[in-house]
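The next block holds one structure in the form of structure tokens; read it before the comments.
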Amino acid sequence: MSQANINQQRGEVIHPKIARIYLRVSTDEQDLRRQERVIEDARAAGCYVAAVYREKASGARSDRPELMRMIADLQPGELVIAEKMDRISRLPLGEADRLVQTIRQRGAKLAVPGLVDLSEVLAEAEGVTRVVLEAMQEMLLRLSLQMAREDYEDRRERQKQGIEQAKASGRYRGRKPNHKVHERIVALRQGGTSILETARLVGCSPSHVKKVWLHYTSTMVADGA
């Protein structure tokens, strides 16, 4: 039985924490459904889930449409929940720090499995103890962010080595373009949809929308359309 249910049986007034859940995968081959249990876990912990933000984009990008929408929606006292820290960020440490600070400036707090939260202890700590605990909290956060980035860089290096080996053996053909995504981007842009809104609707980065649209318009000019 959850703590929320126990409190209800005791007749206590419950003020559930409000959570916004961010789910992210980086490729079309991955499935967001694997992360759906995060939603149920949050509810089981007594949280009210205000919104779920689903995104297919690289965590090494800071211009993710759904991430930006979530941050804009944040209210003071809310929680940002993700399956792991690398779902929130795979950015270089400096950029990751700025992202976390943006979330904090909205008055919200990160709640990610594996990230130790000392906020309740800090609320009662004073003097040197408080300073030490604050330093520990920041160190643990930065360590988690750095590990997420290093894992990303390791994956990129392995991918690069694999491509080089495939090229050397004549087996590399490059990534095939996703024609359905490209067609949808072009259709939305032709209809007057903005780059940011197109990226949000399609589930890609604004830079990818720009690239596809530029290629399309360049082709039209070359064909004399």
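Note on segment 12-47: residues that are at pLDDT below 55, loosely packed, with under 11 Cβ neighbours inside 10 Å and not aliphatic (A, V, I, L, M) total 2. Restricted to helices (runs of 4 or more DSSP H) entirely inside segment 48-154, those with at least 1 residues that are over 30 Å from Thr198 (Cβ atoms) and outside the structural domain of Ile21 (by TED's automatic domain parsing) are 119-124. Total residues in segment 48-65 satisfying the condition of being modelled with pLDDT of 95 or more and surrounded by 16 or more Cβ atoms within 10 Å (Cβ to Cβ): the figure is 3. For Gln161, the test of being modelled with pLDDT under 85, of a type in the set (S, T, N, Q) and part of a helix (DSSP H, G or I) is passed. Once segment 75-99 is narrowed to residues that are hydrophobic (A, V, I, L, M, F, W, C) and out of contact with any helix residue (DSSP H, G or I) (no Cβ under 7 Å at 6 or more places or on another chain), the residue that is farthest from Asp154 (Cα to Cα) is Leu79.
The values are calculated or read from the model by the stated rules, or taken from the named source; none is laboratory data. Being a predicted model, the structure only gives us computed values, none of them experimental. All Cβ positions, glycine included, derive from the backbone under ideal geometry; neighbour counts span all protein chains shown.
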